[in-house]
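Below: the structure, in structure tokens.
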Amino acid sequence: MKIALGQINPTVGDFSGNAARIVDFSRRAQAAGAGLILFPELSVCGYPPRDLVERPSFVARNRETAERIAAETQGIAVICGLVTPAESATGKSAMNSAALLQDGKIAFVQSKMLLPTYDVFDEMRNFAPAKSQDLFSFCGNRMALTICEDAWNDQRFWNKRLYTFDPVEALVRAGGNFVLNISSSPFWIGKRELRRDMLISIARHHKVPVALVNQVGGNDSLVFDGSSIVLNREGHVIAQGRSFEEDLIYFDSKTLTGDIHEQIAGEEASVYGALVLGTRDYMRKCGFRKAIIGLSGGVDSALTAVIAADAVGPENVIGVGMPGPYSSTGSIDDARSLAQNLGIRFELLSINQAFDAYKQTLTGVFAGQKEDVTEENIQSRARGTMLMALSNKFGAIVLSTGNKSELGVGYCTLYGDMVGGLAVISDVPKTLVYRLSRYVNLRRPVIPAPTLEKPPSAELRPNQKDSDSLPPYEVLDAVLEDYVEDAHSAERIASDHGFDLETVKRVVRMVERAEYKRQQAAPGIKISPKAFGYGRRFPIAAKGEV
């Protein structure tokens, strides 16, 4: 039997659009001779729906849409993810389910047992877990149908398991000889390799083929990489889908041969692909056609502009240079050159008059006070006000340009450089920003060389450099990775890297003090195992002991 994997990009709540995609891919697969096609987890309603599942009308639309898909795809069996009602006794209103659509009707429903509650996942909040799961017969096989996390508890692969029960093991023990998994598994650096290795372990131990179809696309902060995969009983890859784009792939369930489509390889290329897709989908799914970016002449805004131009086309990107009293001529020139290289519109709007007006207005109340960071922040906020004025006037989204290193330690200004609807590189450490920028220039040299060569500076006071306030970025990024992603202590970080303990403690204190800023930041695109945002939940009013 020829089986297809429909690696699609659904939008949360777009039942008609998602259904049209499912029907289109199904008909294409049927025309190619496939008898079964799999679609991702919650592909009918889009993932993650979060608290939308608490609305009875939302849950009902899932069933109605699945029935319509079944009626329009007769001639090929379809497996798709949807929300189904839960038993009232559970206290939950819904379940995360998979439906087999066959002969114009819903023939089989399987619900998810393992509901993740770590990092960005909070499925126990919204869903009731299945009490049991069953097999279904298809093309001579006893199919073990699982949903994403159900396959993430193999005791041979994980040193520490999050659950006491393994749905895959139970289904195989019950006679399952082919594992199907429909997923919405978000991307982060190293995730594709981890997912593949985990599935290899399942295939080899149970001696069963494993097929996983994964969602692709961006939904809010999450990017789903696709990279669907099929393994034979020995754990060898026999079919795989592309990364970061929709795809339709086929394999034969008897001969276990199939299509292998090339995936994006390399860390920089993968992260860049995720950032472009995440930006494109955030704008498209939120209804924005144009983006506005403040161009400082620095590397962060340069990389953000390149990503935006690739995401939505240079004709839809506006770069705005906003020189102030301490801006260098070189920075203005670099911003203009970047815009020309990218082919984006460029506007030059000085903040000097606005800055002077603020200072004059505050002269009386600031009498006897020395200039300090207050005046620096006024410059940043004047720029933020201009960007938001342009956003309102032209209906374009402002893309903020701060990186993870700055956001981590609060080296950013609320209502200034933090303004915007999407923080494109807020999960990208400064050292990775440079690596991505060099990767971009290897494809086409668009970022001016001085932007990559000059010392980083906010240019808010004479001769200012980031190193005046922060440790070298190589040190800062290593500390942040160990502290934020791995929760290591300051003492361990200093010992592991040979760093000065007081420097590490200072960084940790800065991270803790900046929590109130991060919780007011625009959503960012997650590319690391632990990003700032709703996957990292810390109190603001708390006293940290360092």
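The values are calculated or read from the model by the stated rules, or taken from the named source; none is laboratory data. What you are looking at is a predicted structure, and each value in this text was computed from that prediction instead of being measured. When we count neighbours, we look across all protein chains shown, and the Cβ atoms used for this are built from the backbone with ideal geometry, even at glycine.
Is it the case that residue 89 is outside any strand (DSSP E or B), buried (at least 24 other Cβ atoms within 10 Å of the Cβ) and either modelled with pLDDT of 95 or more or over 26 Å from the mean Cα position of the chain (by Cα) (or both)?
On the way: outside any strand (DSSP E or B): yes; buried (at least 24 other Cβ atoms within 10 Å of the Cβ): no; either modelled with pLDDT of 95 or more or over 26 Å from the mean Cα position of the chain (by Cα) (or both): yes.
Answer is no for this residue.
Kindly list, by first and then second residue, each pair from a residue in the range 460-478 that is among the acidic types (Asp, Glu) to a residue that is not in a helix (DSSP H, G or I), limited to pairs with Cβ atoms under 6 Å and residues at least 6 apart or on different chains.
466/456; 477/429
Does any residue of the range 499-512 turn out to be in contact (Cβ under 8 Å) with a residue 24 or more places away in the chain, polar (S, T, N, Q) and closer than 30 Å to residue 328 by Cα?
No, every residue in the range 499-512 fails to be in contact (Cβ under 8 Å) with a residue 24 or more places away in the chain, polar (S, T, N, Q) and closer than 30 Å to residue 328 by Cα.
Matching residues to (1) farther than 27 Å from residue 220 by Cβ; (2) acidic (Asp, Glu); (3) surrounded by fewer than 19 Cβ atoms within 10 Å (Cβ to Cβ):
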| site | (1), (2), (3) |
| --- | --- |
| 50 | no, no, yes |
| 53 | no, no, no |
| 56 | no, no, yes |
| 59 | no, no, no |
| 65 | no, no, no |
| 70 | yes, no, no |
| 77 | yes, no, no |
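Going by the conditions given, is residue 5 part of a loop (DSSP other than H, G, I, E, B), among the aliphatic types (A, V, I, L, M) and buried (at least 24 other Cβ atoms within 10 Å of the Cβ)?
Working: part of a loop (DSSP other than H, G, I, E, B): no; among the aliphatic types (A, V, I, L, M): yes; buried (at least 24 other Cβ atoms within 10 Å of the Cβ): yes.
The answer is no for residue 5.
Residues of the range 100-120 being assigned to a loop (DSSP other than H, G, I, E, B), surrounded by fewer than 18 Cβ atoms within 10 Å (Cβ to Cβ) and in contact (Cβ under 8 Å) with a residue 12 or more places away in the chain, which ones? Spell out the reasoning first.
So in the range 100-120, the residues assigned to a loop (DSSP other than H, G, I, E, B) come out as 103-104, 112-120.
Then keep just the ones that are surrounded by fewer than 18 Cβ atoms within 10 Å (Cβ to Cβ); that gives 103-104, 116-119.
Those that are assigned to a loop (DSSP other than H, G, I, E, B), surrounded by fewer than 18 Cβ atoms within 10 Å (Cβ to Cβ) and in contact (Cβ under 8 Å) with a residue 12 or more places away in the chain: 103, 104, 116, 118, 119.
If the requirement is being surrounded by fewer than 24 Cβ atoms within 10 Å (Cβ to Cβ) and either in contact with a Gly (Cβ under 9 Å, 6 or more places away or on another chain) or in a loop (DSSP other than H, G, I, E, B) (or both), which of these qualifies: 347, 268? Can you show your working first?
Details: 268 fails: either in contact with a Gly (Cβ under 9 Å, 6 or more places away or on another chain) or in a loop (DSSP other than H, G, I, E, B) (or both).
The match here is 347.
If residue 68 satisfies every condition in (1) within 23 Å of residue 144 (Cα to Cα); (2) at pLDDT 95 or above but one, which is the exception?
The failed condition is (1).
Residue-by-condition table, conditions (1) under 32 Å from the mean Cα position of the chain (by Cα); (2) over 21 Å from residue 433 (Cβ atoms); (3) modelled with pLDDT of 95 or more:
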| site | (1), (2), (3) |
| --- | --- |
| 318 | yes, yes, yes |
| 334 | yes, no, yes |
| 342 | yes, no, yes |
| 347 | yes, yes, yes |
| 352 | no, yes, yes |
| 379 | yes, yes, yes |
| 382 | yes, yes, yes |
| 386 | yes, yes, yes |
| 395 | yes, yes, yes |
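Output the qualifying pairs, or none if there are none: Cβ atoms under 7 angstrom, residues six or more apart or on different chains, first residue in the range 11-24 and modelled with pLDDT of 95 or more, second residue in a helix (DSSP H, G or I) and among the basic types (Lys, Arg).
Qualifying pairs under 7 Å: 11/285; 15/61; 19/68.
Quick check, is residue 486 in contact with a Pro (Cβ under 6 Å, 6 or more places away or on another chain) and either at pLDDT below 95 or buried (at least 16 other Cβ atoms within 10 Å of the Cβ) (or both)?
On the way: in contact with a Pro (Cβ under 6 Å, 6 or more places away or on another chain): no; either at pLDDT below 95 or buried (at least 16 other Cβ atoms within 10 Å of the Cβ) (or both): yes.
No; evaluated as a whole, the condition is false for this residue.
Working carefully through the options 169, 234, 245, find the one that is surrounded by fewer than 20 Cβ atoms within 10 Å (Cβ to Cβ), under 30 Å from residue 424 (Cβ atoms) and in the same structural domain as residue 114 (by TED's automatic domain parsing).
Values: 169 fails: under 30 Å from residue 424 (Cβ atoms); 234 fails: under 30 Å from residue 424 (Cβ atoms).
Among 169, 234, 245, only 245 is surrounded by fewer than 20 Cβ atoms within 10 Å (Cβ to Cβ), under 30 Å from residue 424 (Cβ atoms) and in the same structural domain as residue 114 (by TED's automatic domain parsing).
When the range 172-211 is examined, which residues are found to be of a type in the set (S, T, N, Q) and either assigned to a helix (DSSP H, G or I) or not assigned by TED's automatic domain parsing to the domain that holds residue 98 (or both)?
The initial filter retains those residues of the range 172-211 that are of a type in the set (S, T, N, Q), namely 177, 181, 183-185, 201.
Of everything in the range 172-211, just one residue is of a type in the set (S, T, N, Q) and either assigned to a helix (DSSP H, G or I) or not assigned by TED's automatic domain parsing to the domain that holds residue 98 (or both), namely 201.
Restricted to the range 92-114, and to residues that are within 27 Å of the chain's Cα centre (by Cα) and hydrophobic (A, V, I, L, M, F, W, C), which residue is farthest from residue 62 (Cα to Cα)?
114
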